[in-house]
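Data first, discussion second: the structure below is written as structure tokens.
The values are calculated or read from the model by the stated rules, or taken from the named source; none is laboratory data. It should be emphasised that the depicted structure is a prediction, and the values quoted were computed from it without experimental measurement. Positions of Cβ are backbone-derived with ideal geometry, glycine not excepted, and every protein chain shown enters the neighbour counts. Accessible surface areas use protein heavy atoms only, side chains included; no ligands, DNA or RNA. Shrake-Rupley method; radii C 1.70, N 1.55, O 1.52, S 1.80 Å.
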Amino acid sequence: MARRLDVTGADGVRLAAWDFTPGPGTTTAPRIARQATPGAAPGPVPGPVRQPAVPQPARQTAAPAAGPYAASQGPGPAPLTDLRAPAPVAVPATAPGVLLLHGLMGHAGHWAPAARRLTGGHRVIALDQRGHGASEKPAGGPFTREAYVADAAAAVEQLGLGPVTLVGHSMGALTAWQLAADRPDLVRALVICDMRASALGAASQRAWQDWFRSWPAPFPSLDAVRRWFGEEDAWAERPNPARGAFFAEVMAAHPDGWRPVFDPAQMLTSRATWVHDAHWDSLAQVRCPTLVVRGLDGELGRAEAQEMVRVLPHGAYAEIPDAGHLLHYEHPEAWAEIVEPFLNGVLTP
């Protein structure tokens, strides 16, 4: 189970964080509103991709365990449980903090299967970034790099996590390393999951615009969501039930059917910065120990990942065989086997 923690981000934006730390008080099952409400802030596909591809999980026969916003055909919440995870062990509130930052169109719940496999004494919290998950989606933005980084800093400070280990996936990884570069006082260590430092190019943004337009939304049911994204989407390289399950987690019920909880226009605005800009300079300014993790079939190529490690003053490299861009979501056990020793190691003098 996880419990919600409220954070005030930059410009007063309301953000939702989810505490995955085992122990007293972690019994409230977070949920996403399945019925859309005008003006509400409900709110995944991960961040940047090789142009013109659209992000998708690697081959998998079984869908991952549901996260805190697990979709349900019926009323009521979907409990945040994962029977494959080890039995929880209580962690003191003073334990070293770990902040998980999801990718573009993601949400905190996508970390749930992986977070539960972190058995060390860490206080593990995942943030719904602005425009995503249960956090506010301000119509006027901003959805800039500066806003995302300021929100993450606010979460670290308000939740008393610093110095924190930041673990980011895709767009969340970019936010994490930019925060580490800007505020080294807040960051103990960093894990970058499948995020490129190079620019994608304008063609990538046009491809995403076309892809959003191709969605047959509203969908008549969640089964239709799973089927379209898992089997029928022309952008998918192959049938993939996990891809369908991934998208079903971020749909909300409207009078005319099921629609994404995020605004595609806001997502395009959010990703524009890495479409047109490279981020090698900020990467080189990260001084803390950093692990760069990629899926063998992910969006971050091996050559670029190894160059990122070379640029980092204290970089290390790891990859997960059989994993795609959503490495922590598809392969939580393999992900934890790589990441947890790093988390424990940075706590050792």
*Find, among the trypsin sites (Lys or Arg not before Pro) in region 257-349, those assigned to loop by DSSP (not H, G, I, E, B) with at most 15 other beta-carbon atoms within 10 angstrom.*
ARG287
_For region 133-173 and region 330-349, what is the centre-to-centre distance using only Cα atoms, to the nearest Å?_
22
*Can you tell me the relative contact order of region 231-349? Whole percent, Cα pairs under 8 Å, sequence separation 6 or more.*
18
_Quick check: net charge around ARG206, other residues with Cβ under 13 Å of its Cβ, Lys/Arg +1 and Asp/Glu -1?_
+1
_If I compute solvent accessible area with a 1.4 Å probe over the protein chains, what percent of it on region 151-288 is carbon and sulfur?_
49
*Where region 225-349 is the region considered: accessible area per residue in Å², 1.4 Å probe*: 41
*asked:* Expected output is a single nm value to one decimal: the length gained when fully extending between ALA265 and ARG310, i.e. 0.36 nm times separation in residues minus the C-alpha distance. What is it?
replied: 12.7 nm
*Measure off 7 Å from each Cα along the Cα-to-Cβ vector at TRP235 and TYR317, then give the distance between these two points in nanometres to one decimal.*
3.0
*Can you figure out the FRET efficiency of ALA272 with GLU340, using R₀ = 56 Å and their beta-carbon distance, to the nearest 0.05?*
0.95
*Would you calculate the separation in nanometres between label points at LEU5 and ASP223, each defined as 7 Å from the Cα along the Cα-to-beta-carbon direction?*
4.1
*Normalized C-alpha radius of gyration of region 110-155, against 2.2 N^0.38 Å?*
1.41
_7 Å from Cα along Cα→Cβ at both GLN158 and PHE212: what's the point-to-point distance in nm?_
2.6
*Note down the net charge around TRP274, summing +1 for each Lys or Arg and -1 for each Asp or Glu among other residues with Cβ under 9 Å from its Cβ.*
+2
